[in-house]
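The values are calculated or read from the model by the stated rules, or taken from the named source; none is laboratory data. As the structure is a prediction and not an experimental result, all values here were calculated from the model. In this analysis, Cβ positions are derived from the backbone assuming ideal geometry, glycine residues included, and neighbour counts consider all displayed protein chains. Side chains included, ligands, DNA and RNA excluded: accessible areas come from the protein's heavy atoms. Shrake-Rupley method; radii C 1.70, N 1.55, O 1.52, S 1.80 Å.
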Amino acid sequence: MSEAAKSVYPPSADFVARAHVDAEGYARRYAASIADPEAFWGAEGQRIDWIRPYTRVKNTSFQPGNVSIRWFEDGTLNVSANCIDRHMLTRAEQTAIIWEPDDPKTPARHITYRELLEQTCRLANVLKAHGVQKGDRVVLYMPMIPEAAYAMLACTRIGAIHSVVFGGFSPDALANRINDCDAKLVITADWAPRGGRKTGLKDNTDKALLHCSDHVKVLVVKRTGDQTSWVEGRDFDLTAEMAAAKPYCPYVEVGAEDPMFILYTSGSTGKPKGVVHTTGGYLVYASMTQQLTFDYHDGDVFWCTADVGWVTGHSYIVYGPLANGATTLMFEGVPTYPDAGRFWEVCAKHKVNQFYTAPTAIRSLMGLGTEWVEKHDLSSLKVLGSVGEPINPEAWAWYNTHVGKGKLPIVDTFWQTETGGHMLTPLPGAIPTKPGSATKPFFGVKPVVLDAASGKVQEEVETEGVLCFADSWPGQMRTLWGDHQRFEEAYFSQYKGYYFTGDGCRRDADGYYWITGRVDDVINVSGHRMGTAEVESALVAHEAVAEAAVVGYPHDIKGQGIYAYVTLMKGVEPSEELRKELEAWVRQEIGPIAKPDLIQWAPGLPKTRSGKIMRRILRKIAENDFGSLGDTSTLADPSVVDDLIANRMNRG
Ligand code: 6R9
């Protein structure tokens, strides 16, 4: 273990003095949340406004065949009213969203709660004019612009269900999502500027819609105003329609358990899963975690660098901060444009107080020198956050020393698309941190470590195994869109009575949790979750490919890189051109984030006699750790392994 990982970093006395939660408060409230979840969440649910108050708090079951998760079920509310209207009396002129554009020469925008209300209402009225009704699905394929937040809030205002698709996804991936949730309408922009380049979101949408129902309409934000193609009767200029729409739209009453949004995420099988979050529990949980994990106080400026296309953007750019009446910063660009100081320049410019990013971003900046950080005034920062993957000791040390100046708490937040909000995380005034550990459970969260093979609960404090949760929390996903059975199979069938995260973990003698990474066929590339099966099915869809197996391997910057073993069709010869073609093919099928880093031509793949690919062996070879392949006696043809080793692509 490295020196850093052995150390413990308690918060400063000053920090503790003004923190929402201190060590005693954490211990007391955590115990209460576990002893009596009804009472705990019954009180906590009051942090948001209800139209009809709930009388029933928790009604949940993890029992296989009958998994059912309901929170605050007889209450009604409106998310948009909670994120906007209820702040009008006290903070109408306060900035709700600071928008920092891709190009630093373009002025930033400060959108007040009053403007947020008006723009959201205008957009909601446009949706209504196009026939969108409560329960309808609307897909958002957007740059990081305020209209993305208006659109999310406009959907929730009228009770429509949004599904945001990350702007880096390909037309095919977009089409699959539009079709899976049967969306009525897509909201997009003409172009998405990012890092000085621009992506044609509207062009991609046009391509996607070739595979969708003719009834799908498109609302287009004019982000750059550059030319795009236009289909009369299908495409509508959202910017113009918003300008012409009425500035107020009443919000509708929505049931706590009505679906709020769908977010597609990767699993261990090929088809992305449509994770469904509902209204009341999600909002309570996003609001509470944003306030306590980051120790957010009124007037602070909060910056989460994620994209709204991921769950982190949903909970910690839009819903959590706005429910709390916060000022949230939305950044259109990338950390290295126009130079490697951009993050810190933005922190200084907008006096950011809480900064929340991913280890992959830190690693990419680390290599570029500390002068980029040193030249900006970071004195406004109070809390630093990390999310998406385990943070390695080197990245932690760099973040701590150069960004935090050795003084700021770093909250390493473990959670998932499925969990809606933080699950394991330090509360910065309460829990001393250890670099690389997500530390302790959030209120109401009951982690258990199970033996992976037997499923036995590991009772001892110091242990290792797979991470599960023993009981529900309000932010938990409720189902998979249109496939409750798959929901039960994916999360509740491996270990009966528990929610299975798919992650391995270790618990140390102090009861701190250390995530050791996915134990399923999901890999984590630059903090983006990817199913190896998705990349495999893209590869085998190419006419030259007979078979493909994809695994992750350690990558200095991305955390994990994508390593593909490809068996070509008989008669097809491997070549550099073909390698390039396959890379481009996967980019086109899924998106740039899925492009394999390494492709190895494999005359054969190691298989068991029953024809199962032995991924364990492929992982070892990809990790350049082939000395310990373990038992290969069950292989149908052990000689293929020698060939794979001899021609391995990673020799680092
Ligand atoms: C929020 C988000 C979830 C997977 C999760 C785990 C990994 C996330 C982590 C972490 C270690 C952390 N993960 N946060 N691993 N430490 N602090 O990232 O959601 O995209 O669904 O990914 O990411 O493997 O299972 P999502």
Looking only at the range 297-328, and only at residues there that are closer than 21 Å to F15 by Cα and out of contact with any Ser or Thr (no Cβ under 9 Å at 6 or more places or on another chain), the one that is surrounded by the most Cβ atoms within 10 Å (Cβ to Cβ): A326
Some residue of the range 444-466 being within 13 Å of the ligand (Cβ to nearest atom) and small (G, A, S): no
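Residue-by-condition table, conditions (1) open to solvent by less than 60 Å² (accessible area, probe 1.4 Å); (2) at pLDDT below 90:
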site	(1), (2)
K570	no, yes
E577	no, no
E589	yes, no
Q600	yes, no
R609	no, yes
K612	no, yes
K620	yes, no
E623	no, no
F626	no, yes
Filtered residues of the range 471-494 (kept if in a loop (DSSP other than H, G, I, E, B) and open to solvent by less than 30 Å² (accessible area, probe 1.4 Å)): S472, W473, P474, G475, Q476, M477, R478
Residue identified as more than 18 Å from Y251 (Cα to Cα) and at pLDDT below 95 among S163, S170: S170
Candidates K351, K375 - the one that is among the basic types (K, R), closer than 27 Å to R223 by Cβ and surrounded by fewer than 22 Cβ atoms within 10 Å (Cβ to Cβ): K351
Complete set of residues in the range 389-403 that are assigned to a helix (DSSP H, G or I) and either within 9 Å of the ligand (Cβ to nearest atom) or without any contact (Cβ under 8 Å) to a residue 12 or more places away in the chain (or both): T401
Residues within the range 24-73 that are closer than 24 Å to G325 by Cα and aliphatic (A, V, I, L, M), tallied: 3
The one condition in (1) more than 18 Å from L117 (Cα to Cα); (2) in contact with a strand residue (DSSP E or B) (Cβ under 8 Å, 6 or more places away or on another chain) that V318 fails to fulfil: (1)
Some residue of the range 525-532 being in a strand (DSSP E or B), surrounded by fewer than 20 Cβ atoms within 10 Å (Cβ to Cβ) and among the charged types (D, E, K, R): no
Single match in A183, A149, A173, A154 (criterion: open to solvent by less than 20 Å² (accessible area, probe 1.4 Å), within 30 Å of D339 (Cα to Cα) and either assigned to a loop (DSSP other than H, G, I, E, B) or in contact (Cβ under 8 Å) with a residue 40 or more places away in the chain (or both)): A149
Within the range 435-453, tally of residues that are in a loop (DSSP other than H, G, I, E, B), under 17 Å from R507 (Cβ atoms) and open to solvent by 20 Å² or more (accessible area, probe 1.4 Å): 4
Spans of strands (runs of 3 or more DSSP E) in the range 194-273 with at least 2 residues open to solvent by 30 Å² or more (accessible area, probe 1.4 Å) and touching a strand residue (DSSP E or B) at 6+ places or on another chain (Cβ under 8 Å): 197-199, 235-237
Odd one out for D520 among (1) assigned to a strand (DSSP E or B); (2) within 11 Å of the ligand (Cβ to nearest atom): (1)
Candidates E536, E543 - the one that is open to solvent by less than 30 Å² (accessible area, probe 1.4 Å), touching a residue at least 12 places away in the same chain (Cβ under 8 Å) and over 30 Å from L365 (Cβ atoms): E536
Lone qualifier among A564, A549 - being of a type outside the set (V, I, T) and touching a Pro at 6+ places or on another chain (Cβ under 6 Å): A564
Positions within the range 354-383 being of a type in the set (A, V, I, L, M, F, W, C), in a helix (DSSP H, G or I) and within 16 Å of the ligand (Cβ to nearest atom), in sequence order: A361, I362
Flag for S386 being hydroxyl-bearing (S, T, Y), closer than 25 Å to T188 by Cβ and within 13 Å of the ligand (Cβ to nearest atom): no
Every residue from the range 498-517 that is more than 9 Å from the ligand (Cβ to nearest atom) and among the charged types (D, E, K, R): R506, R507, D508, D510
Matching residues, the range 404-426, being more than 9 Å from the ligand (Cβ to nearest atom) and either surrounded by fewer than 22 Cβ atoms within 10 Å (Cβ to Cβ) or on the phi > 0 side of the Ramachandran plot (or both): G404, K405, G406, K407, I410, G420
